[in-house]
1. Which one, Ala736, His721, Ile599, is farthest towards the positive end of the dipole of region 589-801 when Lys and Arg carry +1 and Asp and Glu -1 on their Cβ?
2. Please report the spacing between the Cα centers of region 421-439 and region 31-59 in Å, no decimals.
3. Take peptides 93-102, 58-67 and line them up by average Cβ neighbours within 10 Å, highest first, as a rough protection proxy.
4. Can you pick out the pairs among Lys40/Lys593; Lys258/Lys689; Lys159/Lys391; Lys161/Lys525; Lys77/Lys694; Lys51/Lys724 whose Cα atoms lie more than 29 Å from each other?
5. Summing +1 for each Lys or Arg and -1 for each Asp or Glu, what net charge is found among the other residues whose Cβ lies under 9 Å from the Cβ of Asp465?
6. For region 310-458, taking Cα atoms only, what is the radius of gyration to one decimal and the Dmax to the nearest whole Å?
7. Explain nothing, just the number: dipole magnitude of the chain about its Cα centre with +1 on each Lys and Arg Cβ and -1 on each Asp and Glu Cβ, in debye rounded to the nearest 20.
8. About the Cα centre of region 589-801, how large is the charge dipole given +1 on each Lys and Arg Cβ and -1 on each Asp and Glu Cβ? Please answer in debye to the nearest 20.
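Bear in mind that the values in this text are calculations on the coordinates, not laboratory data. Bear in mind that the values here come from a model prediction, so they are computed numbers and not experimental data. Note: ideal-geometry Cβ built from the backbone for every residue, glycine included; neighbour counts use all protein chains shown.
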Amino acid sequence: MLENSNFPEADSLIRIEIVKYKELPELMEKYEELKSKCIKIFFEENFRKVKLSDEQFLAVADISQNLLLRARAGSGKTTTLSLKIVYLIQCEKIDQNKIVSLCFNSAATRNIIKKLRDDFDIKYREKENISTFHSLAGQISPAEKGVETLFDDRDPLSKQKLTAFVEEILKKKWDEPFEELRNEEIINSNGIFGFIKKFLVNVKYNTYKTIIYAIARADSRYDSDEEANELENKAILYGSKEYYLYRRNLSYITLDGKHVKSFGEKCIADYLFEHDIKYKYEPNFRMFSSGREYTYHPDFELYEHKIIIEHWGIDEFDKQKMVPKHWLKTWDDYIKEMKEKRDYWVKVHKDYRLLQTNITQLRGGREEFESTISDELKKYNILNEKLPLDKIMEKISHDLRSKFSEKVVQYIQKAKQDECTPEIMKHKIDGEHYSKYSKVNIFLCLANVIYTEYEKNKINNHKIDFYDYLSNAVEEITNKHGNCILRSGVNINEIEWLLIDEFQDFSPLFMALVKVIQKYNPKVKLFCVGDDWQAINSFAGSDVELFNEFEREFPVNSAVKDLTINWRSNHTIVNLGNRIMTNHGIESNADPKNREVGIIEHRNINEEHNHNIRRFNIKEVKAEFGIDTDIDVVLLRYLDHTVKIIDTYLKSLKDDKEFKVLILSRKSKVKQDTLKDFIKRIEVIFVRKYPDDKNKIKVLFDKQTDKKENEYQQVESKTAHQSKGLEANVVIVLEATNRCFPLIHPDSLLFEIFGDTLDKIEDEERRLFYVACTRAKSDLYLLYEEDFDKKKTLTEFYPYLE
């Protein structure tokens, strides 16, 4: 039967044999291997131009009712999903309208439709049976006429419209009293609201904006008992690996939006901001030590007053010589660094004065510490008077509101993906028994009130979000017992196959849609593809545990198979990816026929021999690059290295229109530049450097269309998140430091109610670094900064440090 391509009848027969003999897994394995060879022969005879692997044919040959295909980077998951559709239509003679394929965005659906058309001459219309989740949901339960969507049809998980809608709600409530916290209660409270007591002269200050300001300021006493309680609440043992991760990766955000590494630094930065004293955080200086030149980043520079502030992390008079447990430095190392830094300002940079604070001064609380800062500044004749609260709010109001809106959007996304209404969330928040005036509790209360308003405003303004689309579809299928007609004319109860792309991005809400289809159509089969190593969307509510627990979620006749061969990258890149993800699952394999040896370089941009940008020639470098603005010297170094790397591939870029260089960043900015600004600077530099090739150079940075009608740029920049699904001959990762990979946002702790533990956050950051590195087909460059006291180093995720 298999030799005659009668696959359905052969499958039926083998199922009878398996039931008859009960447990014969080896029989199933041998059968699927034989079947895959027959499928391969069929495709080689009918589609000779298409090159496919034995792994892909084995995946297609699987006879489980529910299959999860774990497809590593570059393994051809989209091709395999398309191959399954072709097999079902050509070999099993299934009506193509009874095969539904679901993707997360319209670009992915177009890619599958195009592959089927070009490679296999199978024609599908977009938004019918190969569609996005929201398109399918819209077919089942269409939005009423005149209702506006709060998502982008091309990428429904994008949040621009959602954020704008939430920000408008917050804008209207900005000056209103927050009823959940009465004025008298705040006056009598401690914690994050202690500082407001001085300003609460009447009820107008008990507003949303003031409460949000208090959250941003995050007042608290700095003492070990408080930290111990916090750790206990998170089930973290003092001195454990989890404690080390917690303290090492925790950062704080200042009122003016800077990331700093300690509570003391945050207090100093907030104080300077609230007293209108201009400063730079971790400015750039060069210093010599042990015969070498280093980059040195003191904590703060008050550049208008020529004052440096260093906040020491130890008590230098401590007889026990204790350092924080999460430090890698010894007491003696740190004391030596302190001496070298003090000597630097006394002997080298005599034009600066050094103001010193230390960790012991925080023990009396923030107010006492601020008093110390004030006294020290007065010694240098800096009269520091705190701005009125209204003036402070005027300075930060817009930024504060937009950043808080983003947090609320994340809260709403996670709640809705978990199928939690505002009422359910209130019950969950109450059940956590948070301290009433803790930062987390106040944030959750505020966010849930705005979530409630959000739901009301949607109805009043005739709007619907992406999650409503899915929820309404689930409800419609339930109400109609599955009797829902799709655009193709097929009833959901008649669907035979449901194929799902990017399964690692699933959430409980997506799962609810699939399971309700299965409930009323129990014969429908699942073919899901994804890669748990590329699960990087938890911020939108995705839960990789649904991927890892596939056989528990679908307990009847389910299986997990693997696509491990990376056809995109050479073995150098593949091996690096495996090292990054050691002990995190099945490894990837390189194409055995690909003998290319790739380049992997990690460059410390601050090393003297690695760059020509020094303090004494900064003007010349700016002139060479055509830069006449006040630009951060570290940004110049990143530009310098990036330009030099691209320059080595310039001939390949000009000769081969499909040769690509991809510049990636963990954040949307590189120092002061947006990624768009950064890539524009590079273009300008190359145009100035090669004026005779100006037109050819500009083409490299312009949008083009490839043979498959896909838009691309030969040289482009993206965030690491945006790079998922992309590939390039050369990848350059900017700021590949321990400060960016992992980048653990302090506000991550606000979302623990959704299961966002520190371990999970760090695991996702590791996966994000893996995604960034494995975009490279051939060569990878990691650019990072390492400074004198190792505040910044190459990311720990880079495996060759072990």
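1. Ile599
2. 54
3. In decreasing order of mean packing, 93-102, 58-67 become 58-67, 93-102.
4. Over 29 Å Cα-Cα: Lys258/Lys689; Lys159/Lys391; Lys161/Lys525; Lys77/Lys694.
5. +3
6. Rg, Dmax (Cα atoms, Å): 23.0, 65.
7. The dipole magnitude comes to about 1660 debye.
8. Roughly 620 debye for region 589-801.
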